[in-house]
Amino acid sequence: MDGSATDTDVLVVGAGPTGLMLAGELRLGGARVVVIEKLAAPTGQSRGLGFTARAMETFDERGLLPRFGQGETLATSPMGHFGGTQFDFTVLPDAHFGARGIPQGQTEAVLEDWADELGADIRRGWEFVSLADGFLDGDAVEITVRTPEGEERPLRASYLVGCDGGSSRVRRAAGFDFPGADAGRGMYLADITGVELRARHLGERLPNGMVMSAPLNENIWRIIVCPDGTPAHDRERTVTYQEVADAWRHITGEDISGGGASWVSSFTDATRQAAEYRRGRVFLAGDAAHIHLPAGGQGLSTGVQDAANLGWKLAAAVRGDAPDALLDTYHDERHPVGRRLLMNTRAQGTVYLGGAESDPLRELFGELIRYDDVKRHLAGIVSHLDIRYDLGVASQPPHPLLGRRMPPRLLVGADGETRIARLLHPARGVLLDLADDAAVRSAAAGRRDRVEVATVLVKPVEGPDPLADTTAVLVRPDGYVAFAGSSADGLDAALEHWFGPAR
């Protein structure tokens, strides 16, 4: 394909949280982006009711937290669970289960407003139809879309990203393998009104299945209904409130059929992951790349982090600031995270939803969770705070922060105190010069359009400090540490690898 005439730099299919987050990231990096979404308007459904601690940090890095209406500190809960076994997440420093009480519709609205302000072209009522051949070795990608008027027309871009959910058409059209386990059971999710219920926040296991119920406000209850022996639902089939009420009565004996629902949905325990996240100029992110049992609100949060990892890399490729190999690091870094997500949600499903055969496992979990080491391990998994990317650095021993998120330490500079999250608002790299070292600042010369240099001191903390004796830290736009050391040795190589050659 001749890529000289394209409609945009990046085409994003799907305007859910992942697609909208990606659109904003791309615009911050200077790339043109068109988002197509087959729905004419947002559903407004509150499927997710918050996001994990790591996703919260990702929003903080873009200055988005105040848009949720609670300032930079959202309401969080120190208590979390793993497979229904509750425990205190504060065994980890600065840790919590994540932000709670934020409907997914609000998250989508925040991200859409942000992406729109940045200049993303969001086209609702536009539907992906097909993908032209040549995306594996051409210099552009072309798709056919159906417009709101029913007209089919081509769109061309340098790159295409499928953020179109678990039934992704982009994934199928591009020939991605999607191995995993088929659904074994069907379950229901609904927000209901006009009924009197009691709270079952962590779920209640009964002879015919498991139910959860929690008040969203004084009039609306969120319920999850997991009947035993129910076959998996067809994803395209419309679910009725009566069907949900029948399943609730079958498990609990309670009649809620006199109430109503603002929306109802079904889901399954199908678990699949794309074998690769990139094929040529086509990428997958969010549920298009991985589907799983919705346990702990991890799906939305993982998709947002997929977008934060991919966006700055795609924008750099569009600008010509990065080698093609930088785009391969998206799969290298995020595929293991997705694999671990599937592992933990399957484990939780076995504990949570299993019948009498899972009673010994539930009892064992109840015993293990009393140990702080176990709490720390499980809290790190479900909050995503345990993510560490393998950056392929051969230094021995590697710095303890390499590949990890830069911790939220207070930084003191000439203009006063700040945080790394605020320095990352423009989605550029940040080089922290922690010892007023001219050699550190000199390494960034010629890359000031991509990397901000901040000469700061780090406020000390009690106990072991991973930043002790560290004079330079290179933080990528997604908040992860790409270099840390006691001198500038190796810094230039890290800068070139992640941000391209100096100009």
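Quick notes on this structure:
- From Asp137, Asp164, residue being outside any strand (DSSP E or B), surrounded by fewer than 21 Cβ atoms within 10 Å (Cβ to Cβ) and not aliphatic (A, V, I, L, M): Asp137
- Verdict on Leu474 being in a strand (DSSP E or B) and in contact (Cβ under 8 Å) with a residue 12 or more places away in the chain: yes
- Qualifying residues in the stretch 202-213 (those that are among the hydrophobic types (A, V, I, L, M, F, W, C), out of contact with any Phe, Trp or Tyr (no Cβ under 8 Å at 6 or more places or on another chain) and modelled with pLDDT of 90 or more) - the one surrounded by the most Cβ atoms within 10 Å (Cβ to Cβ): Met212
- Exactly one residue among Arg405, Arg419 is surrounded by fewer than 18 Cβ atoms within 10 Å (Cβ to Cβ) and either under 23 Å from Pro66 (Cβ atoms) or touching a strand residue (DSSP E or B) at 6+ places or on another chain (Cβ under 7 Å) (or both), and that residue is Arg419.
- With a requirement of 2 or more residues that are more than 16 Å from Leu189 (Cβ to Cβ) and either in contact (Cβ under 8 Å) with a residue 12 or more places away in the chain or not hydroxyl-bearing (Ser, Thr, Tyr) (or both), the strands (runs of 3 or more DSSP E) lying completely within the stretch 224-312 that satisfy it span 271-273, 282-284.
A quick yes/no check of all residues on (1) modelled with pLDDT under 95; (2) in contact with an Asp or Glu (Cβ under 6 Å, 6 or more places away or on another chain); (3) of a type in the set (A, V, I, L, M); (4) under 25 Å from Val304 (Cα atoms):
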| residue | (1), (2), (3), (4) |
| --- | --- |
| Glu151 | no, no, no, no |
| Val161 | no, no, yes, yes |
| Leu197 | yes, no, yes, no |
| Arg200 | yes, no, no, no |
| Pro215 | yes, no, no, no |
| Trp221 | yes, no, no, no |
| Ala232 | yes, no, yes, no |
| Arg237 | yes, no, no, no |
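- Some residue of the stretch 115-124 being under 21 Å from Gly50 (Cβ atoms) and touching a strand residue (DSSP E or B) at 6+ places or on another chain (Cβ under 7 Å): yes
- Some residue of the stretch 428-442 being assigned by TED's automatic domain parsing to the domain that holds Ser486, of a type outside the set (A, V, I, L, M), over 22 Å from Ala315 (Cα atoms) and touching a helix residue (DSSP H, G or I) at 6+ places or on another chain (Cβ under 6 Å): yes
- Residue list for the stretch 7-49, filter: closer than 25 Å to Ala173 by Cα, surrounded by fewer than 24 Cβ atoms within 10 Å (Cβ to Cβ) and not small (Gly, Ala, Ser): Asp7, Thr8, Asp9, Arg32, Val34, Lys38, Leu39, Pro42
The values are calculated or read from the model by the stated rules, or taken from the named source; none is laboratory data. Note that the structure is a prediction, hence the values are computed from the model and not measured. Cβ sites come from the backbone with ideal geometry, for glycine too, and all protein chains shown count toward neighbours.
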